[in-house]
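These notes are about the structure you will find just below.
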Amino acid sequence: MADFPTPFALTRRSLLAGVASSAMIGAAAAAVRVDVTQGNFQPMPIALPDFVAAAQDNELGRNVTAVITANLQRSGMFAPISQAAYVEKIANIDTMPKFPDWRVINAQALVTGRMTRQPDGRLRAEFRLWDVFAGQQLTGQQYFTTPDNWRRIAHIISDAIYERLTGEKGYFDSRIVFVDETGPKDRRVKRLALMDQDGAGIRYLTRGDDLVLTPRFNPSTQEVTYMAYGQGDPRVFLLNIETNQREIVGNFPGMTFSPRFSPDGQRVIMSLERGGNSNLFVMDLRSKATTRLTDTPAIDTAPSYSPDGARICFESDRGGSQQIYVMPANGGTAQRITFGDGARYSTPVWSPRGDYIAFTRQARGNFGIGVIRPDGSGERVLADGFHNEGPTFSPNGRVIMFFRDQGQGPSLYTVDITGRNELKVPTPSFASDPAWSPLLS
Amino acid sequence: MMNMEKFARGLRFAAVVAFALGAAACATQQPGEQANAANVAAPGSEQDFVVNVGDRVFFETDSTELTPQARATLDKQAQWLTQYNRYSFTMEGHADERGTREYNIALGARRSQVARDYLASRGVNPQRMRTISYGKERPVAVCNDISCWSQNRRAVTVLNASS
């Protein structure tokens, strides 16, 4: 409890004893890997038989396997093979699989697992990842937790598989905070909602009495910052998603909006509107000291820090139309980085791995989602049409989530930063303004 | 003559009664009462302001400049607000949906500020005015074409009911 704010106790141990030595793991590393950089990309065929379990936990085993399979499938990096095609039935994960049975269905990787109930009621979840062609175990782990945490176990195992086979950190054990929207367009009720990255476990953080917008995760704690209307001026708030405690950020003489945390979670950067002008301010959450970062008669908004905290990207219409600028985190000279032909750029967000800034791009009546390097090079549009908006990066910087409203109401979508694999994210009602959490573990 | 006077007084009384009924009907928002409203709104009432003066002005796409029509409406508002100076009010700024959320909040703020400043320049005491922006979050028209968008790009003068 003390070291993790959710009621979740997890212990992890390597599962190497038994069938494979660590030397073999090293040798196998080059044998099976998804090349995530290649242009003509082929997802890796992978087999995921149901986790072995005693009769009482059969369903749990199936559910864990299904969540892992769905995660890997949705990532676009893997092509899970239908269980109906499997030749070997996995009954014991401590013995070597019959690799020819998996080769014959063209599986390159195989995941076997087991769920065991402990005497104290906790669950032990084990998995092994196999290189089918080399006939070797690539990795193996076991985890202990309470049975109601089975989804998180499935996400953590998904991340371990993803990382071992792609060489990049995973993003499955993470959550999304977003604006849940219900009711007709002219009387929309907006609530803050929280869910797992795959859409499961939805929870509402506000009741819908007040208009709430632009929630953003703290990169290091279970906190969200957002804008809310209530009495008086609209304000930026902090909300602890575990305790539901809420506080106003600062005491500014005007409307504050468009907040975002610094990478260390210690500061909130936001826009303050006074007399029609919107400028950027940052507030230290401990000392409550506020610093003005811009001083223009323009609209400066949507600030986002680089992962090292040294720079800020934001949008401004100081040059006549909305464009993206980059400046030092303590203010100073801002460099414009977007120059698209007649296009306007907004809602910039810096990737957690630093390589890209994602944006919304308006041109010829369309609203696209794209990425650009922080120096202004390498611009690519990943999704276009009417009306896409509000990108957020997965914790590994590989996937972008955004919202799309074609007139009926907004929905959430994901797309790979290569532009491949656009998918709708399931939500109970309309949804907008997604913000991806960091990895939970 | 006496009879005529009595009749006229009676007529005036009847008119007052009719007005009261009309106002009551409007207050409960009976459909079809809109046409009557202009005739029956009590001078100085919120209804009078909305119906006979006009509570909103409209903007061009992505613009915060007041059109001649908007100025004319605000001139009438300033006159009315000076006459009925018991009201405090909120100037709401709104944007259409063809902009990103954060920008539209700022754009709505600019529109409310421009309208507020104009009223102040026409002699309305700034102490009576508060501004707020709803960005694109409170559309009044909900189709997806130009006719709707132009109605949503607006600044609305909302009288404080308790004032």
For region A:424-441 and region A:241-274, write down the distance between their C-alpha centroids in whole Å.
20 Å
For region A:140-157, Karplus couplings with θ = phi - 60° (6.51, -1.76, 1.60), whole Hz, Gly/Pro x:
x, 9, 10, 9, 10, 6, 7, x, 6, 8, 4, 5, 5, 4, 4, 5, 5, 5
Reduced Cα scattering model of region A:199-335, Debye log10 I(q)/I(0), q = 0.11 Å⁻¹
-0.39
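With only Lys, Arg, Asp and Glu charged, each at its Cβ (+1 for the first two, -1 for the last two), find how big the charge dipole of region A:175-436 is about the Cα centre; round to the nearest 20 debye.
With only Lys, Arg, Asp and Glu charged at Cβ, the dipole is about 60 debye.
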For region B:121-126, what does the Karplus curve 6.51 cos²θ - 1.76 cosθ + 1.60, with θ = phi - 60°, yield as ³J(HN,Hα) per residue in whole Hz, taken in order and with x for Gly and Pro?
5, 9, x, 7, 5, x
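Computing the accessible area with a 1.4 Å probe over protein heavy atoms, can you report the carbon and sulfur percentage for the protein assembly as shown?
Carbon and sulfur atoms account for 50 percent of the accessible area of the protein assembly as shown.
Based on the Cα coordinates of region B:84-147, what is the per residue volume of their convex hull in Å³?
100 Å³
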Can you give the average number of partner chain beta-carbon atoms within 10 Å of each beta-carbon in peptide A:272-280, as a whole number?
5
Region A:51-124 - convex hull of the alpha-carbon atoms, volume per residue in Å³
100 Å³
With label points set 7 Å from each Cα along the Cα-to-Cβ direction at A:ALA91 and A:GLU59, the distance between them in nm comes to 2.5 nm
How far apart, in nm, are two points set 7 Å out from the Cα along the Cα-to-Cβ line at A:ASN244 and at A:GLN408?
3.3 nm
Spelling it out for B:LEU66: with amide H atoms placed in the peptide plane at 1.01 Å from N, the residues 5 or more places away or on another chain with amide H under 5 Å from its amide H are none
Roughly speaking, what % of Cα-Cα pairs in the protein assembly as shown are separated by over 33 Å, rounded to a whole number?
53 percent
Of B:GLN77, A:TYR325, A:THR112, which is farthest on the positive side of the dipole of the protein assembly as shown, counting Cα position, with +1 on Lys and Arg Cβ, -1 on Asp and Glu Cβ, and the Cα centre as origin?
B:GLN77
Within 12 Å, Cβ to Cβ, of B:LEU159, how many net charges do the neighbouring residues add up to if Lys/Arg are +1 and Asp/Glu are -1?
-1
Hull volume per residue for region A:175-436, using the convex hull of the C-alpha atoms, in Å³ is 126 Å³
Cβ neighbours within 10 Å, averaged per peptide: list A:375-383, B:89-97 in order, most packed at the top.
B:89-97, A:375-383
Backbone HN-Hα couplings from phi across region A:389-397 [Karplus 6.51/-1.76/1.60, Hz, Gly and Pro as x]:
6, x, x, 9, 8, 5, x, 9, x
Once you have the Cα-Cα distance between A:GLN73 and A:ARG380, take 0.36 nm times their residue separation minus that, and quote the gain in nm to one decimal.
108.1 nm
For peptides B:71-79, B:122-130, sequence by mean Cβ density within 10 Å, most packed first:
B:71-79, B:122-130
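Compute the whole-percent fraction of alpha carbon pairs in region B:44-159 spaced more than 24 Å apart.
So the pairs more than 24 Å apart make up 21 percent of the total in region B:44-159.
Okay, helix-only estimate at 222 nm for the protein assembly as shown: each DSSP H run of n ≥ 4 adds -39500 (n - 2.57), divide by all residues, round to 500 deg cm²/dmol; what do you get?
Mean residue ellipticity at 222 nm (helix-derived): -6500 deg cm²/dmol.
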I'd like the distance between the alpha-carbon centres of region B:47-68 and region B:97-163, rounded to an integer number of Å.
9 Å
Interface size A-B, as summed buried accessible area [1.4 Å probe, Å², nearest 100]:
2700 Å²
Averaged over residues of B:105-115, the number of beta carbons from other chains lying within 10 Å of each residue's Cβ is 6
Just counting partner chain Cβ atoms within 10 Å, what average do the residues of peptide B:91-102 show around their Cβ?
6
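The values are calculated or read from the model by the stated rules, or taken from the named source; none is laboratory data. None of these values were measured; they are calculated from a predicted model. So basically every Cβ, Gly included, is an ideal-geometry build from the backbone, and we count neighbours across all protein chains shown. Note: accessible area is taken over every heavy atom of the protein model, side chains too, but ligands, DNA and RNA are not part of it. Shrake-Rupley method; radii C 1.70, N 1.55, O 1.52, S 1.80 Å.
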